[in-house]
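Structure first, commentary second.
The values are calculated or read from the model by the stated rules, or taken from the named source; none is laboratory data. Predicted model only: the values in this text are computed from it and were never measured. Using ideal geometry, Cβ is built from the backbone for each residue, glycine included, and neighbour counts are taken over all protein chains shown.
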Amino acid sequence: MKKLHLLLLIITTLLITTGCSPITPKYRVAIDAISIPEATSIPKRYTVKPLGENTDINSLKFQEQVTVLDEVLKQQNYTKATSPSFAKQIIYFDYGIETIKQETEVYQRPRMSIGLGFGHSYGYGHPYGFYGHPFGFHHYDTFWYEGYRGYTRTTTFYNRYVTLLSKDPNGKELWRVDIASVGESKNLRKIVPLLIRGASSYFGQNTQETIKLVVKDRPQKRE
């Protein structure tokens, strides 16, 4: 009986301490930026075009990501041109996902169950009707069954990437930023905005080498 009380206490404590605690997803991000020396002095009036030839500029998903990009560029003092012909920078935008590897893990976990037996004091197992206690109380028997069960889990890792390439109206490259993050999620609608915001301070800059940082998402409440 004491074992059962201890188990219930542990489960209750875990539910209270972890059941409603917020979870903050984190993403490891690699940023590689390059630019011409005078990139910072070029007027920041821009327009956005797709970098990939097969990208549908009118698709809802692409437009959604362009809206995020416009917001981030505005924070970096860029101004969207009222007409593409007025732009001093054409920012070509591309994003996507690719599978890079799969890992299969074989492991075992302990399996435990509880069996609770009840005994009544009258009429069971004794010619005088006493079972478990001479004064007629119930008694309990707790049984623990332990073992192991084998599992197989396959994890797929994806490279989620964003590319921004700025050119002048004559086609000369001004600056470029490549952003990538490897992980298990395929949710580009969520991850692409995080990558853009995380790399925003490197737009038009030259990092000389790949910068690695951790981008945090908004805390999420565990169900």
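All of (1) assigned by TED's automatic domain parsing to the domain that holds ARG189; (2) surrounded by 14 or more Cβ atoms within 10 Å (Cβ to Cβ); (3) at pLDDT below 90 hold for LEU7 with one exception: (1). Scanning region 151-201 for residues that are free of Cβ contacts under 8 Å to residues at least 12 places away in the same chain and under 22 Å from the mean Cα position of the chain (by Cα) turns up just one, ASN187. In summary, TYR151 fulfils each of the numbered conditions (1) among the hydroxyl-bearing types (Ser, Thr, Tyr); (2) over 13 Å from ILE91 (Cα atoms); (3) modelled with pLDDT of 95 or more with the single exception of condition (3). Scanning region 22-52 for residues that are within 28 Å of the chain's Cα centre (by Cα), not in a strand (DSSP E or B) and not hydrophobic (A, V, I, L, M, F, W, C) gives THR24, PRO25, GLY52.
Is it the case that ASN77 is loosely packed, with under 11 Cβ neighbours inside 10 Å, closer than 22 Å to THR40 by Cβ and either assigned by TED's automatic domain parsing to the domain that holds LEU165 or touching a strand residue (DSSP E or B) at 6+ places or on another chain (Cβ under 7 Å) (or both)? When the stated conditions are applied, ASN77 passes them.
Here's the yes/no breakdown for (1) out of contact with any Pro (no Cβ under 8 Å at 6 or more places or on another chain); (2) over 23 Å from ARG160 (Cβ atoms); (3) at pLDDT 95 or above:
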position	(1), (2), (3)
ILE36	yes, yes, yes
PRO50	yes, no, yes
PHE62	no, no, yes
LEU69	yes, no, yes
ASN77	yes, yes, yes
ILE91	yes, no, yes
GLY115	yes, yes, no
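Scanning region 42-67 for residues that are crowded, with 17+ Cβ neighbours inside 10 Å and farther than 26 Å from ASN170 by Cβ turns up just one, GLN65. If the condition is being in contact with a helix residue (DSSP H, G or I) (Cβ under 7 Å, 6 or more places away or on another chain) and at pLDDT below 95, then region 171-188 contributes only SER185.
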